[in-house]
Structures are given as C-alpha cells and as structure tokens.
Amino acid sequence: MEKLPVAKHLNDLEYKFLLETYAEHNSSMDFEDRKNHTLSDITKVERNISENCLNVYYNDGNWWHYTPNKTWY
C-alpha cells in the first residue's frame, strides 16, 4: 500500500482508519472547507496513544483528533 509521506510511520490498520475517518470528515465539510482539507493538505500525523487517536494537522493550521471509530473532534 502506497502511503502519504506524512503517514508512512503508521501501520496498515492506523493508515486505514486515517483514510476512512478522513473520508467521513471530508464529506461532512462544505465545498469551501473541502478545498483546503484534501489529503495533500495534511502536513503531519501523530499517534496520540493516551487518547487512542491520531492527531491530524493541515497546512492551514487546523487539526483534529481522528478516532478508530471514524469520528473526529
């Protein structure tokens, strides 16, 4: 599986939930927000073990916790 460069450190399960949660999150945004929150706009992905999520950072400064159950906060 070819991974995004910022997410190469994730294992396959983590990467899968990143992509699935991203898809849910992106589909909830209005068109203008989607333009600034594409996969290529992700600048960093960190494991957050204490909260069982991934911290996903975008180049506009926004970031979210992405959880394995496909939610974000």
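The values are calculated or read from the model by the stated rules, or taken from the named source; none is laboratory data. Worth saying up front: this structure is predicted, and the values here are computed from it rather than measured. Neighbour counts are summed over all protein chains in view; Cβ atoms, including those assigned to glycine, are modelled from backbone coordinates with ideal geometry. Remember, those area values only see protein heavy atoms, side chains included, never the ligands or the DNA or RNA. Shrake-Rupley method; radii C 1.70, N 1.55, O 1.52, S 1.80 Å.
Of the residues making up region 25-50, those that are of a type in the set (Asp, Glu) and open to solvent by 80 Å² or more (accessible area, probe 1.4 Å) are Asp30, Glu32. Within region 51-59, at least one residue is within 15 Å of Tyr73 (Cα to Cα) and open to solvent by 70 Å² or more (accessible area, probe 1.4 Å).
In region 55-73, the residues that are under 12 Å from Asn36 (Cα atoms) reach residues that are open to solvent by less than 60 Å² (accessible area, probe 1.4 Å) and in a loop (DSSP other than H, G, I, E, B) with C-beta atoms within less than 8 angstrom, at least six apart or across chains, in these pairs: Tyr58/His37; Asp60/His37; Asn62/His37.
Scanning region 60-72 for residues that are within 11 Å of the chain's Cα centre (by Cα) and either basic (Lys, Arg) or open to solvent by 70 Å² or more (accessible area, probe 1.4 Å) (or both) yields Trp63, Lys70, Trp72. Counted as qualifying within region 9-73 are the strands (runs of 3 or more DSSP E) with 3 or more residues that are aromatic (Phe, Trp, Tyr), namely 63-66. Screening region 17-40 for residues that are free of Cβ contacts under 8 Å to residues at least 24 places away in the same chain and within 10 Å of the chain's Cα centre (by Cα) and picking the one that is farthest from Glu2 (Cα to Cα) gives Asn26.
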